[in-house]
1. With θ set to phi - 60° and the Karplus curve 6.51 cos²θ - 1.76 cosθ + 1.60, what are the ³J(HN,Hα) couplings of region 81-98 in order, to the nearest whole Hz, using x for Gly and Pro?
2. Within a Cβ distance under 12 Å of Thr161, other residues only, what is the Lys/Arg minus Asp/Glu net charge?
3. Whole-Hz ³J(HN,Hα) for each residue in region 189-197, computed from phi via Karplus 6.51 cos²θ - 1.76 cosθ + 1.60 with θ = phi - 60°, x for glycine and proline: what do you get?
4. Find the accessible area per residue for region 75-161; the probe is 1.4 Å, ligands and nucleic acids are left out, and the unit is Å².
5. Can you list residues whose amide H is under 5 Å from Lys98's amide H, if they're 5+ apart or on another chain and H is modeled 1.01 Å from N?
6. Sticking with the crude label model, points 7 Å out along Cα→Cβ, report the distance from Thr201 to Ser178 in nm, one decimal please.
7. Ordering His237, His182 by accessible area with a probe of 1.4 Å, largest first, what comes out?
8. Can you give me the Cα centroid spacing of region 45-70 and region 193-209 in angstrom?
Amino acid sequence: MRLSQWLETWFSLYVLPAKLAPSTVAMYRRAINAVPKWLGEMELAQVTALELQRWLVQVARQTPRAAQLDRVMLSRSLHVAGKLGLCSMVIDQDTLPKPQHVPGKALVFTQAEARRYVEAVAIRPSYVLLLLCLVCGLRRGETLGLRWSDIDVEASTITITHQRQRVGGSYQLRPLKSTAAHRSLLLPPELMRLLQAQPRTMTGYLVDTTPELMRKDHLFAIRSAHLPPVTIHGLRHTMATLSAGAGCPMKLLQSALGHSTYQLTADLYAAHLLPPSAAPGLVWQGLAVI
């Protein structure tokens, strides 16, 4: 059996039946498709970590992040092959080291820019969702998955339990990235009143729209207010950065963002430089949008 044949077998028998997140399945598919012909045609039993490393080094010179994901695919698929007795190579940090990738710092709004953004986007259909990204640090899919049943008016909270993603040709509710992503956020009264003023949808979603339309509204605000090209995910980073200036504990920011570990939050937001805050109310007060 050639390496390419095994990777297709692993994908069809182990990846697809596992009901992984669509983004994870797509990552494995892309990585398998990226395997060069010279490597894919090698007999599985004869492939060594040296050949794999030679390919990954080539990929890493151009796109380090892609090399990291290619390594994930190889290590997991060949781990299964080893357990099935199809190959005997050892893949670990010594034989197939993880390619180094230092992500660029996310572009964020200053407080003044964030105010201008809110004013510009207020006339767009996705206003409430984009505001929740900016004020509460929600991910785009989390806002798209918000339903009226997730809002507790008495307690002034929203609970994030799902995300909405494209599956096939339609948008569906999907599980969150991790257990830590399940969280409830206490909202300032003004923001809660804004949510309550939203027209009810027939589908039960807070705003029944698509990622494409949400992005269109976001870009409209960026262009009309002459703002730097912060992405929708950059609104989440803006929330963390603005909260940092309020001096609240990093642990609280971890909880609000739904990060699985304290270290992840600390690595992203440099605790010694950015003392953080996870309270949406603090960001809201700084924006003074109402």
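1. For region 81-98, the Karplus-derived couplings read 4, x, 5, 8, x, 8, 7, 10, 5, 9, 10, 8, 5, 7, 7, 9, x, 5 Hz, x marking Gly and Pro.
2. On the way: positive: Arg147, Arg164, Arg174, Arg183; negative: Glu142, Asp150.
So the environment of Thr161 carries a net charge of +2.
3. Result, rounded to whole Hz: x, 4, 5, 5, 5, 5, 5, 5, 7.
4. Working: 4300 Å² over 87 residues.
Here the per-residue accessible area is 49 Å².
5. none
6. 2.8
7. Numbers: His237 30, His182 100 Å².
Ranking His237, His182 by accessible area, largest first, yields His182, His237.
8. 47
The values are calculated or read from the model by the stated rules, or taken from the named source; none is laboratory data. Predicted, not measured: the structure shown is a model, and the values here were computed from it. With ideal geometry, Cβ positions are generated from the backbone for all residues, glycine too; neighbour counts draw on all protein chains shown. Heavy atoms of the whole protein, side chains included, go into the accessibility calculation; ligands, DNA and RNA do not. Shrake-Rupley method; radii C 1.70, N 1.55, O 1.52, S 1.80 Å.
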